[in-house]
Amino acid sequence: MEVNPGELVAILGANGAGKSSILQALAGLKRPIEGSIGLQDQYIHELSANEIAKKGLALVPEGRQLFGELSVKDNLLIGAYSRTDNVNEEEELNEIMKRFPRLKDRIDNSAGLLSGGEQQMVAVGRALMAKPNILLLDEPSLGLSPAMIGELYDALASLRDDGVTILLVDQMANLALQVADRAYVLETGQIVKSGTAQELLSDPDLEEAYMGASA
């Protein structure tokens, strides 16, 4: 499996296929039993999670995992903690507000008081504050209303168009393929199909297995 710079690649599969485990292994939260993980011509599979974060890999975990008692602003600023360059807080927070306008009026609110969709936007914004080389997203649409899912995926499409490298896991296969360049299909930890998003969207076997609302 590979993700090239500037691509949005989706990982599809049923529950238990190993999608989230892959993201956790990439982020250093789980150790691969065998094989290797490379990021920008450097192997990272023996590094700790915080060392991997400093190399430019940012994970938006399933369930968002925000600091609910802290403000939206403070949650966003936490994303820049591992950076070693100079962080222009005002300028970079404004960039996040442009991508997620509804956060602008909530910047001083406690993150725990936001809706699920707004919290997901904060989680993505927090990861973007790290200026990552690759952004990993684990089930970003989980538990969100259709309207919020649409708003979130519009933002992901914009990130893709701006050249942000993204690896996306989402149960909603049809939605993921609409924004992805390429995709891999997993079954019990094994890649069983891969191709461009358009190829997989037109694959009758994939459509039958994964294109439902709870794919």
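The values are calculated or read from the model by the stated rules, or taken from the named source; none is laboratory data. From a predicted model like this one, the values you see are computed outputs, not experimental measurements. Cβ: placed from backbone, ideal geometry, glycine included. Neighbour counts: every protein chain shown.
Numbers for the structure displayed
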quantity: Criterion: surrounded by 13 or more Cβ atoms within 10 Å (Cβ to Cβ), of a type outside the set (S, T, N, Q) and more than 13 Å from the chain's Cα centre (by Cα) - qualifying residue of 136, 76, 59, 128; calculated: 76
quantity: Residue in the stretch 177-197 that is modelled with pLDDT under 95, crowded, with 19+ Cβ neighbours inside 10 Å and over 19 Å from the mean Cα position of the chain (by Cα) present; calculated: no
quantity: Breaking point among (1) within 29 Å of residue 115 (Cα to Cα); (2) of a type in the set (Gly, Ala, Ser); (3) without any contact (Cβ under 8 Å) to a residue 24 or more places away in the chain, for residue 48; calculated: (1)
quantity: Every residue from the stretch 73-82 that is modelled with pLDDT under 95 and either in contact with a Gly (Cβ under 7 Å, 6 or more places away or on another chain) or assigned to a loop (DSSP other than H, G, I, E, B) (or both); calculated: 79, 80, 81, 82
quantity: All positions within the stretch 172-205 that are over 20 Å from residue 140 (Cα atoms) and either among the small types (Gly, Ala, Ser) or part of a loop (DSSP other than H, G, I, E, B) (or both); calculated: 188, 189, 194, 195, 202, 203
quantity: The stretch 175-193, subset in contact with a Phe, Trp or Tyr (Cβ under 8 Å, 6 or more places away or on another chain) and without any contact (Cβ under 8 Å) to a residue 40 or more places away in the chain, residue nearest to residue 17 (Cα to Cα); calculated: 193
quantity: Subset of the stretch 85-116 [surrounded by fewer than 16 Cβ atoms within 10 Å (Cβ to Cβ) and among the acidic types (Asp, Glu)]; calculated: 85, 89, 90, 91, 95, 105, 108
quantity: Residues (assigned to a loop (DSSP other than H, G, I, E, B) and touching a strand residue (DSSP E or B) at 6+ places or on another chain (Cβ under 9 Å)) located in the stretch 83-135; calculated: 107, 108, 109, 129, 130, 131, 132, 133
quantity: Lone qualifier among 21, 36 - being under 16 Å from the mean Cα position of the chain (by Cα), surrounded by fewer than 18 Cβ atoms within 10 Å (Cβ to Cβ) and hydroxyl-bearing (Ser, Thr, Tyr); calculated: 21
quantity: Matching residues, the stretch 1-44, being more than 17 Å from residue 57 (Cα to Cα), part of a loop (DSSP other than H, G, I, E, B) and not β-branched (Val, Ile, Thr); calculated: 13, 14, 15, 16, 17, 18, 34, 35
quantity: Unmet requirement for residue 152, which otherwise passes all of (1) in a strand (DSSP E or B); (2) touching a Ser or Thr at 6+ places or on another chain (Cβ under 8 Å); calculated: (1)
quantity: Sole residue being on the phi < 0 side of the Ramachandran plot and out of contact with any helix residue (DSSP H, G or I) (no Cβ under 7 Å at 6 or more places or on another chain), chosen from 166, 191; calculated: 191
quantity: Residue in the stretch 1-11 that is in contact (Cβ under 8 Å) with a residue 24 or more places away in the chain, touching a strand residue (DSSP E or B) at 6+ places or on another chain (Cβ under 6 Å) and more than 30 Å from residue 95 (Cα to Cα) present; calculated: yes
quantity: Members of the stretch 54-72 found to be closer than 11 Å to residue 130 by Cβ, part of a loop (DSSP other than H, G, I, E, B) and not basic (Lys, Arg), listed by number; calculated: 56
